[in-house]
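Visitor: There's a structure below that I have some questions on.
The values are calculated or read from the model by the stated rules, or taken from the named source; none is laboratory data. These numbers come from a predicted model, not from an experiment. With ideal geometry, Cβ positions are generated from the backbone for all residues, glycine too; neighbour counts draw on all protein chains shown. In case anyone asks, the SASA skips ligands and DNA or RNA and just uses the protein heavy atoms, side chains included. Shrake-Rupley method; radii C 1.70, N 1.55, O 1.52, S 1.80 Å.
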Amino acid sequence: MVRGFLLACVLLPAAAHAVAQSACAGGAAWCRNQPWVVAPAAGPGAGGGVAPRAGAALHGEDAPGGVLPASGAPSGGVALVPAVQTAAATAGAYFVEARLRPVAGGAGQGYVIVRHADDRNWLGFGLEVAPDGGRVSVNIVRMTDGQPKFLKQVRTEPAPGNTFYTIRLDVDGAALTAHLNGTRLIGVDEPNPLPPRIGVLAQGGAFEIDGLRAGDMAQPPTSIGLVHRHRRLALQAGEAAQRYEVRAVARTGLRAIRFHAAASDPAVAEASVEGEQLVLQPRAEGATTVTLTSAEDPNVALALDVRVGPAFAASSRRYALARAVQPAARERDVPIDTRLQIRFDRAPGIRAHGAIRIVRAADGVTVDTIRPGMELDEIGATRDGFKRVVRYQAISADGATVTIRPHDGKLAYGTEYYVLVDGNVFSGATLAGQAFDGIGKAAAWTFRTRERAPQAQNTGQATAQAVALRVAATGKADFRTVQGALNHAMRHVPRAQPVTITLANGRHEGLLYLRGKDNVTLRGESRSGTVIAAENSDGVNPGSGAGQAPLAPGAGGGRAVFLVEDADLLRLDTLTLANTTWRSRTIGAQAEALNFSSEGRLVATGADFLSEQDTLQLKGYAWFYRCLVAGNVDFIWGYNRAALFEQSEIRSLGDSANPASGGYLVQARTVAEDDPGFVFLDSRLTHGPGPAGNDVPPGATYLARPGVATAWDNVRYINTRMGPHISSRGWSGEPRAGKGWEEAGSSGLSGAALDLAQRRGGRLLTAAEAARYDSRAKVFSQYDNGKGWKPQP
């Protein structure tokens, strides 16, 4: 028995069940397409519970005579596919893929082995499912001398119903990349000498495995999905059939795909296929799982969680709406990005079903439907048609006031609308002294948008006068939301023409997207009074995120509050940008405030950036001047060229999920060896309480930890004052090639010199060496092929 793991007794394919390459889907060189069950051993030396499917003969090289009986199994460790079957498939860089699920909604850990020397030394990946089924994670595990090490563990939303997960691991030497349902999850570098070998095991519960295959890693994983849609769909009984475009995506690009669709409960919603579309017809209140499966490859599949709520409950009641709704009834000149508000007499409950509709008065067409819970939005008005596709909380209550956030870009200029509120949305509510049963057409909540877009000096020339826009939640303003102003800049202002967006004091809620527009300035009225904030994380919108082409499937807009792509000279001034996620309250704790995913330039002056994990993700060139950056786990990171934090405060926050941890300031993934990377000049490293109120323990925080083997760990601290929370060791681990971590002139917060005798992993620079980084002109000297950049406040 290996300590920490209960090794499995498993059922394995024999040569008769292995399939030639010509019969393997997904470009695999080896595969086994017959499903079987892998079950854990009952205890030390005990036989496992073996459950073959459909009475098939099941084989494995560990069994006497090469054949496992229909019940019972040999005791012992990992059971392996015969090496002769997979040797060619695992030569060079290879992948291993399978469909996996716990048997009968059970729990435990199911693993596929990709490298194996013996039962105490192997490398594998797979699923860990909690007993209640409410938590699922994808694990990459290495067993070394009987001790398991979790190289990566990524929590993900459980799939609806008892559906399969398609898991894949790419193995390219030390580089390991895990995929779930065809989408990249995480990568890690783990050098190891173990030989390629494929096997399976289970711990804590039985797992069903199907579609096990291996082959050349050049064959890309493929995912299938609804265009610009998440896998959770909300419908209402009585609605017309809903149609969704379906596409497949791989590294080779987008394509149409032949697929099948099946609903687990057609009485709730019927599923059918018409050409390239999935058609869902809601029938009755309830939930059903709709599974899409590629007609070409059963490993390419998607399970949709479809919820059908009760039919829209229309109201004929009239209310005294004066001062009860916003925009006010019959209001004119309303910004096209308006939020809706209802001020009830007392705090209402928000149910999980129902809808709010915005209807165009001229023809009765519903232009937007907003539902409770997590809605999906397509953000942005880019010229290339890309959208940031994300989930967001559309309806929220603050006491008696309910705010409804319409989807982005649904309203047009010079148009009259009316609002309908389903009587199913709110419970226990009264409005203007009457019991609330919804808002119908008779209530006359109408408004008209302003006649035209803001007029500006817009000559189309790069030297044109800057366009000035104002954003405020109330009162006179061009827009009600920051995204509304960004949309205007992207759609109506030439790329090079400067735009300054002034943000009124107040809290500006919402996720943001900027793409393909240069010279944009967001300037607040005050640093702490102007707050751009949202709660977003890897558990809500997984991944760093990117804009999606018009027909791209899924919702890949990512976990940041503000995502920036293909933009130069973005300036953030006199404001706060905050991701309000708690690490302890989400299944995925990574939660950037800003993801500057552009090779251009970013300037931040007098601004605060707040989160816990991954506060700033940076590419390109960035200058932070007299700013505050706060977080706790790798909260400054990215594949950058040069980022300078000058006269700034870098504050480590108490970790809400792990109070004993002080975290890491930086994880650099600098693109080139001679790029400056992340430079801290004349700045302070401080600490303070996190969202849960706990502070950072003394000596618990590291200046940096290693990134990835394909990038460089370039981090420099020049004349930096460091608090007592910084470990005397300084650095965690070793940088790539033993270089890139450097410091000079480090002192305590009082200015007293620090004892650096215990530093490990980094290098102390001489005065002459440190001079390379002692000004912004030097740090950014390599910009634009050596032309340089010297930003100014």
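Visitor: Taking H as built 1.01 Å from N, whose amide H comes closer than 5 Å to the amide H of ARG571, not counting residues under 5 places away?
Guide: Those lying under 5 Å, H to H, from ARG571 are VAL520, THR521, LEU522, VAL603.
Visitor: Also, quick follow-up: Could you rank the peptides 290-298, 427-435 by their average count of other C-beta atoms within 10 Å per residue, with the highest value first?
Guide: Ranking the peptides 290-298, 427-435 by packing returns 290-298, 427-435.
Visitor: Still on this structure, I have one more. Mind giving me the nanometre distance, one decimal, between the label points for ALA347 and ASN694, set 7 Å out from Cα along Cα→Cβ?
Guide: It is 2.7 nm.
Visitor: Highest mean first, how do 244-254, 113-123 rank when packing is the count of other Cβ atoms within 10 Å averaged over residues?
Guide: Sorting 244-254, 113-123 by mean packing, highest first, produces 113-123, 244-254.
Visitor: Per 0.36 nm of contour for each residue apart, how much would the distance between ALA412 and ALA549 grow if the chain were fully extended, relative to their Cα-Cα spacing?
Guide: 47.0 nm
Visitor: Hey, another quick one. State to the nearest 20 debye the size of the charge dipole of the chain about its Cα centre, where the only charges are +1 on K and R beta carbons and -1 on D and E beta carbons.
Guide: 1480
Visitor: Here is a further query. Which whole-number percent is the relative contact order of the chain (Cα, under 8 Å, 6+ apart)?
Guide: Relative CO of the chain lands at 7 percent.
Visitor: If you take the charge dipole of the chain about its Cα centre, with +1 on Lys and Arg Cβ and -1 on Asp and Glu Cβ, which of TYR413, TRP741, MET374 is farthest toward its positive end?
Guide: Highest projection toward the positive end goes to TYR413.
Visitor: Additional query: Taking square-rooted eigenvalues a ≥ b ≥ c of the alpha carbon gyration tensor, is the stretch 497-595 rounded, prolate or oblate, where a/c under 1.5 means rounded and, failing that, a/b exceeding b/c means prolate?
Guide: oblate
Visitor: Go ahead and estimate [θ] at 222 nm for the chain from helices alone: -39,500 (n - 2.57) per DSSP H run with n ≥ 4, summed, over the residue count, rounded to 500.
Guide: -500 deg cm²/dmol
Visitor: Of the beta bridges DSSP finds with both residues in the chain, what % are antiparallel, to the nearest 5?
Guide: If I count the DSSP bridges inside the chain, around 60 percent turn out antiparallel.
Visitor: Provide the net charge surrounding ALA442, with neighbours chosen by a C-beta distance below 9 Å and charges set as Lys +1, Arg +1, Asp -1, Glu -1.
Guide: Net local charge, ALA442 excluded: +3.
Visitor: Taking all protein chains as present, what is the carbon and sulfur share of the accessible area of the stretch 625-719, in % to the nearest whole number, probe 1.4 Å?
Guide: Whole-percent figure for carbon plus sulfur exposure: 46.
Visitor: Now a separate question. Just grab the label-to-label distance for ARG360 and ARG626, each label 7 Å out from Cα along the Cβ direction, in nm (one decimal).
Guide: So the two model labels end up 4.9 nm from each other.
Visitor: For the charge dipole of the chain, defined by +1 on Lys and Arg C-beta atoms and -1 on Asp and Glu C-beta atoms about the Cα centroid, which residue among LEU575, THR90, SER648 has the Cα displaced farthest towards the positive pole?
Guide: Checked the options; the winner is LEU575.
Visitor: Take peptides 148-154, 575-581, 134-140 and line them up by average Cβ neighbours within 10 Å, highest first, as a rough protection proxy.
Guide: 575-581, 134-140, 148-154
Visitor: Stretch ALA104-GLN758 to full length: gain in nm at 0.36 nm per residue minus the Cα-Cα span?
Guide: Value of the extension gain: 230.0 nm.
Visitor: Which of the three applies to the chain, rounded, prolate or oblate, going by the alpha-carbon gyration tensor with a ≥ b ≥ c and a/c under 1.5 meaning rounded?
Guide: Oblate shape, in that a/c is at least 1.5 and b/c is the bigger or equal ratio.
Visitor: Can you work out the accessible area per residue across the chain, with the rest of the protein chains kept in place, probe 1.4 Å, in square angstrom?
Guide: Here the residues of the chain average 38 Å² of exposed surface.
Visitor: Moving to a separate point now. Normalised by the residues of the stretch 636-793, what does the relative contact order come to in percent, with Cα pairs under 8 Å and at least six apart?
Guide: Normalised by residue count, the contact order of the stretch 636-793 is 21 percent.
Visitor: Moving to a separate point now. Compute the FRET efficiency between ARG120 and ALA262 as 1/(1 + (r/R0)^6), taking r as their Cβ-Cβ distance and R0 = 25 Å, and round to the nearest 0.05.
Guide: That pair, ARG120 with ALA262, gives E of 0.05.
Visitor: Let me ask something else about it. How far, in nm, would the chain grow between SER316 and HIS492 when pulled straight, counting 0.36 nm per residue and subtracting the alpha carbon separation?
Guide: Length difference between fully extended and current span is 59.2 nm.
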